[in-house]
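Right, one structure below, let's go through it.
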């Protein structure tokens, strides 16, 4: 996951509660068990969320737990899904997630892709009838652990306007490419295809700050720097921000994610993607089932010996890391490196949670009659 | 190919010579034959360049012919290559282009990917020891013609600085994703991973205009609007332009292209990629062979019936095309649509060539003793 603004420092301003990994993991598993998940699914779902929190991607970790619970309460998430392969060739497949948590459906799909890659060199799975799958990087990393190159993408609730449009027609539709290195952490490019992710707007809202031009437009499609504009009908802008700076490319990437994840699998696409928030109903004229993902795995040794590849990727990393920079205090950041550093640190020191998240989580604990989080 | 600024209007200002497709095709084939290409390779190379000119992507068509000739004169292009498969599994392969024209090496690789996809559902080929392959869209379209989804990317001469860097470490590294539609032209996302392509700078230079901030930086890494800054040691900026607007994402995409095309195949990567221009020598400490490409094909019916996919992609296109826009004169542009329109028009009306290109081409005609282009 490649992010330059790590939210940790902002959260620290709000004096977060620090929770050890094992405590937070058990708590999260207990919530999923209370929702009716099997032991295996509860563990897996918690693992996906914890990975995000450990890697410093706080917006996609346990902060989302209350969102999953609310969708389950609305019967939009099925915690006992019968995940099935509905179509397949030796190296491709379409999976129906049976409205399950994306946190379990996407790893199922990626394991299928990995199995196919073991046998034939590569495997590609498009997924329909799923829900939010957490961080794309989790799924792509499953391939990397097998000395494969991992691909993961998903469509999402419409929040982004194509170039020239004033309508929200695409999600932030992240794409992730992950590569195993030798001495260094894997190179993981994991990025929303919008100029800025929603999480950055939330931080600005909390701090009462304006956002840069080029992140969002208001309900009439006019440029704005008000971070609340999204809530009042505005939209996020594609990567590139405006036509002059290549926003048609960000739109093209978001479109690619939408087509591979949903037009290919039979999920909903474009403005028909069901919203993640439970207070908004899904469109009543669906064009498919649930939301869609696309994952893939290619064996590195399907192209060249793994050791050779890793040695050259290490060389690539070293050359880019040692690049001359404009400001000597700012170094070139290798995609995935800050997240690997955060993971190493938080595995020891614990995960900081802001007050609002602790309040949400302890509300869930009360609802389900399980132990609360404490400092 | 998704481009908002089609160069045609600019060129028309310069009173171009209009050449019919068949005349320009024969002329181009004759140049390749004179360089020692086989009949088959000359036809294929001309087809790749003509496709670009017909589709309105004038920067990548016959305007590049003189560049290929100069590299051949420097013995950096081998017009009688023994293109070989050096490593393979049922669905993956590495191809060595034997320093051939990318215009023939990439179609060889894509045909191999298509053959694998026919048998196993998908095929993926990484290529080393190649040269500039023209427009990525040409190669991806070969898959589309077989009701497959096409992927094509290539690394290129270093001109782009990663976020925070003042060095040129990546090429404009285009990526292309192409999808077959039903009633409509294929959706083709074909984009440089830089904020602006080099061709747009050339247009600004010719018109004596400044370029927008966010396209380039000068040799010290400072923002500039001087389109000549690139020639004096400056660099292009990644898609996103600056850290605040997500240039780390453009960098991540360019890195992905570099790794899949070159670290995976054994080609040169990053700053070691040989320059396209013949007056600059390749680095004397290569880390691989030539430049690299990556292509892939996936059968649509490996996921769902082709007719279903095409009907839904048509629906996707119609929904996006009919989107409300901010300016009623500007519609949402479907990736690949303007190029398909240009191709339909230029197949009838011919290809407009600016004076500078005609002068170059007729210089080549003289050099090789073949007939000149005339109005």
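So the values come out like this:
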read-out: Proxy reagent accessibility, fewest Cβ within 10 Å first, across A:70, A:55, A:346; value: A:70, A:346, A:55
read-out: Inter-label distance, nm, simple model (7 Å from Cα along the C-beta direction), residue A:318/residue A:280; value: 4.9 nm
read-out: Anisotropy class of chain A from Cα gyration tensor, a/c 1.5 cut; value: rounded
read-out: A:58, A:190 arranged by Cβ crowding within 10 Å, fewest neighbours leading; value: A:58, A:190
read-out: Size of the range A:249-375 as Cα extents on the principal axes (Å, biggest first); value: 50, 46, 34
read-out: Relative contact order computed over the range A:242-321 (Cα-Cα under 8 Å; 6+ residues apart), in percent; value: 23 percent
read-out: Rounded if a/c under 1.5, otherwise prolate or oblate - the range A:34-154, Cα gyration tensor axes; value: oblate
read-out: Rel. contact order, % - alpha carbon contacts under 8 angstrom, at least six apart, chain A; value: 23 percent
read-out: Stretchable slack from residue A:26 to residue A:213, in nm (0.36 nm times residue separation minus alpha-carbon distance); value: 63.1 nm
read-out: Using a 7 Å Cα-to-Cβ projection, residue A:348 label spacings across copies, nm, ascending; value: 7.1
read-out: Across the identical copies, how the residue A:115 labels are spaced - nm, sorted shortest first, 7 Å along Cα→Cβ; value: 3.0
read-out: Percent breakdown of C-alpha pair distances by 10 Å bin, ordered from the shortest bin, for the protein assembly as shown; value: 3, 15, 26, 28, 18, 7, 3, 1, 0
read-out: Relative intensity, log₁₀ I(q)/I(0), of the range B:303-375 from a Debye sum that treats every alpha carbon as a point, q = 0.11 Å⁻¹; value: -0.58
read-out: For the range A:64-84 and the range B:298-345, distance of Cα centres in Å; value: 33 Å
read-out: Pair residue B:326, residue A:39: separation of 7 Å Cα→Cβ label points (nm); value: 5.6 nm
read-out: Whole-Å distance, taken between Cα centres, linking the range A:156-209 and the range B:183-203; value: 21 Å
read-out: For the range B:238-292: rounded, prolate or oblate by the Cα gyration tensor [a/c cutoff 1.5]; value: oblate
read-out: Sorted by Cβ density within 10 Å, fewest first, the residues B:303, A:279, B:320; value: A:279, B:320, B:303
read-out: Copy-to-copy label separations for residue B:366, where each label sits 7 Å from Cα toward Cβ, in nm and ascending; value: 8.8
read-out: Percent RCO, i.e. relative contact order, over the range A:170-287, from Cα pairs under 8 Å lying at least 6 residues apart; value: 20 percent
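Values in this text are rule-based calculations from the coordinates and carry no lab data. Keep in mind that this is a model prediction, so the values were computed, not measured. Note that each Cβ is placed from the backbone with ideal geometry, even for glycine, and that neighbours are counted across all protein chains shown.
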